[in-house]
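I have placed the structure first, in the form of C-alpha cells, so that the comments after it can refer back to it.
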Amino acid sequence: MPNTNRPYVLIAGAGIGGLAAAASLLARGIDCDVYEQAAELKEVGAGLWLSINGARVMFGLGLEPQVRAATLEAEERAVRLWDTGQKWTLYKRGSSPRAHAPLVMLRAQLHAILIDEVNRLKPGVIRLNKRCTGFAQEGEKVRLDFADGTTATGDVMIGADGLHSKVREKAFGETPGRFTNALAWRGLVPMERLGGHHRTAATATTWVGPTAHVTVYPARWQTTDLMTFSGQVERSDWRLESWSEKGSVAECVNDFKGWHPDVVEIIENTESLHKWGLFVRDPLPRWSVGRVSLLGDACHSMVPYLGQGVNMAIEDACVIARCLEKYNDPAEALLKYQDARLDRTTRIAAGSADMQRTFHHPALGDPKTAAGYAESQWNPGKARARYDWIYDYDATQVPV
Ligand SMILES: Cc1cc2nc3c(=O)[nH]c(=O)nc-3n(C[C@H](O)[C@H](O)[C@H](O)COP(=O)(O)OP(=O)(O)OC[C@H]3O[C@@H](n4cnc5c(N)ncnc54)[C@H](O)[C@@H]3O)c2cc1C
C-alpha cells in the first residue's frame with residue numbers, strides 16, 4: 001500500500017547527498033527543507049566521477065539532459081605505469097559496455113544541477129547559515145537545533161552533514177577515523193596550458209606507482225576545457241581530514257618526484273591545489289534511530305579509491321526517499337532504508353580501503369615486476385570483477 005500519510009522531512013546538509021535526497025523526496029511529493037551551515041553554496045574546484053550506478057538515480061529524477069550536458073563521457077579508460085608510462089586500456093568507447101564509461105565532471109557542476117532542481121521543485125528549499133548543533137525526538141516529531149538559537153520541527157530528520165556529522169555524533173557518539181598514512185591532492189588545470197598530446201582523446205588515466213597513484217581526466221566548465229588531477233600519496237605528516245586545505249605546487253611536485261614527465265607537467269600547471277588526509281572508520285552497525293537517520297559520508301565515509309563516495313550518497317538519497325514513500329511509519333521506513341543500504345556501503349567502503357594496497361604496490365617499483373603486476377591487476381577480467389557488481393546496482397529498483 002502506498003504511503004498516503006506523507007511525512008515532512010528535515011535534512012541537515014546541502015552537499016550532494018542532502019540535495020539528492022531533497023530532489024528525490026520532492027519528486028515523490030514528500031515535503032522537505034534543507035538546512036546548510038555555509039553562508040553560500042559553493043564547491044571546491046575538483047573533479048568527480050559519476051559512475052552509472054549514481055547516474056541512474058540522476059537520470060531517474062529526469063536530470064539526464066543536465067548531467068549529459070555537464071559531463072564528458074571518456075573515450076578511453078587507461079592504467080599507466082608511474083615512471084615509463086606503459087599503458088593498458090580498460091575501456092574503449094564503442095568496443096566496451098557503456099555501463100563502464102566514466103561520466104566525468106566537476107563537483108560544482110553536479111552540485112549546481114541539484115541546487116537548480118530542488119529550487120525548481122520547491123523554491124527557497126535550502127536554508128543557509130543554519131549550522132545544526134543537535135536534535136531531539138519528542139513524540140512523533142523531531143526538533144533540529146541550530147547554532148543561531150533557532151529550531152525547526154518535522155516528522156523525520158536526515159543527517160546529510162558529511163564526514164564530521166553532528167547528527168551522527170548526537171545519535172551514536174564519537175566515531176574516530178584511523179589515518180591511512182596517505183593524503184589526497186586535488187586540482188584543476190586549464191587544458192590550454194598542457195602539451196597537445198594531453199588533448200588528443202578524452203582519456204581517464206590512472207597512473208600507478210609503488211607508494212602513490214594519480215588519476216587524471218578531462219572536464220569542461222562552460223567553454224573552458226580542464227584537466228582534473230587527483231593524486232594519492234603515502235605520507236604520514238599530514239593528518240587533517242578536510243579538503244578545504246590548500247597546498248603548494250612545489251610540495252605536490254615533491255610528492256611525485258621521479259614520475260613520468262606527463263604527470264609532472266600536469267601538477268606544475270595545476271591551479272589551487274587542495275590536500276586532504278585520508279581516514280577510514282569502522283562501519284556503523286546502524287544508521288537509524290527512531291525518526292532520524294543518516295546518509296552519505298555521515299554514515300559511511302570512504303577513501304576515494306573506487307570513486308564511489310558521491311555515488312553512494314546519491315544511491316542512499318534515492319533509497320531513503322523510496323522507503324519514506326512506501327511505508328506509513330517513518331521509523332519503519334528508516335529501518336528498511338538502513339537494511340537496504342548498510343551491507344552494500346560497508347562492502348564498498350572496505351573495498352575502497354583495500355585498493356590502497358592494489359594501487360600502491362612494491363612490485364611497481366621494480367622494472368622487472370612492474371608490467372607483470374599491472375597486467376595481473378588491470379586485465380579485463382579483474383577489472384570487471386572489481387567494478388561490475390558496483391555498477392550493476394540500481395537504487396531506483398532494488399527491493400525496499
Ligand atoms: C579527495 C576526495 C576525492 C573524492 N572523489 C570522489 C569521486 O571522484 N567520486 C565520488 O563518487 N566520490 C568522491 N569523493 C567522495 C565524495 O566527495 C563524498 O563521499 C561526498 O561528497 C559525500 O556527500 P555528502 O553529501 O554525504 O557530504 P558532503 O559533500 O561533505 O556534504 C555535507 C554538507 O553538510 C554541510 N554540513 C556539515 N556540517 C553541518 C552542520 N552541522 N549543519 C548543517 N550543515 C552541515 C556541509 O557544509 C556540506 O554542505 C571524494 C572524496 C575525497 C575526500
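Every number here is computed from the coordinates shown, using simple stated rules; none is lab data. Keep in mind the model is a prediction, meaning the values are calculated, not measured. Using ideal geometry, Cβ is built from the backbone for each residue, glycine included, and neighbour counts are taken over all protein chains shown.
Worth pointing out:
- Eligible lysines near Lys122 by straight Cα distance, threshold 24 Å, same-chain separation 8 or greater: Lys42, Lys130, Lys141, Lys326
- Extension gain from Arg199 to Asn129, taking 0.36 nm per residue of separation minus the Cα-Cα distance: 21.1 nm
- Distance between the 7 Å Cα→Cβ label points at Thr223 and Asp354: 4.8 nm.
- Label-point separation, Ala363 to Lys257 (7 Å along Cα→Cβ), nm: 2.8
- Loop-resident sites, the stretch 21-64, for GluC sites (Glu not before Pro), counting at most 12 other Cβ within 10 Å (DSSP): Glu40
- Gain on full stretching of the segment that runs from Arg235 to Lys42 - 0.36 nm per residue minus C-alpha separation: 66.6 nm
- Annotation: for a label point projected 7 angstrom from Cα along Cα→Cβ of Phe179, residues of the stretch 211-247 with backbone N closer than 13 Å are 234-242.
- For Lys166, the aspartates and glutamates whose Cα falls under 18 Å of its own Cα, not counting residues fewer than eight places away in the same chain, are Asp33, Glu36, Asp145, Asp148, Glu174, Glu241, Asp282, Asp297.
- Each peptide in 305-312, 258-265 gets a packing score, the mean of other Cβ atoms within 10 Å over its residues, and the list from highest to lowest is 305-312, 258-265.
- The stretch 159-220: GluC sites (Glu not before Pro) falling in loop per DSSP and having at most 12 other Cβ within 10 Å: Glu174
- Full-stretch length increase - Glu375, Asp394 - with 0.36 nm per residue and alpha-carbon distance subtracted: 3.8 nm
- Net charge of neighbours whose Cβ lies under 10 Å from the Cβ of Gly17, counting Lys and Arg as +1 and Asp and Glu as -1: -4
- Sequence-distant lysines (8 or more away, or on other chains) whose Cα lies within less than 19 Å of Lys257: Lys275
- Helix screen, the chain: DSSP H segments with Cα axial length of 24 Å or more and mean Kyte-Doolittle hydropathy at least 0.0 are 309-326.
- Sparsely packed loop sites in the stretch 245-276 (the trypsin sites (Lys or Arg not before Pro) outside DSSP H, G, I, E and B with at most 10 other Cβ atoms within 10 Å) comprise Lys257.
- Helix-only arithmetic for the chain: the sum of -39500 (n - 2.57) across DSSP H runs with n ≥ 4, divided by the residue total, places the mean residue ellipticity at 222 nm at -10500 deg cm²/dmol.
- Shape of the stretch 164-287, Cα gyration tensor, a/c cut at 1.5: prolate
- Three-way shape call for the chain based on the alpha-carbon gyration tensor, with the a/c threshold at 1.5: prolate
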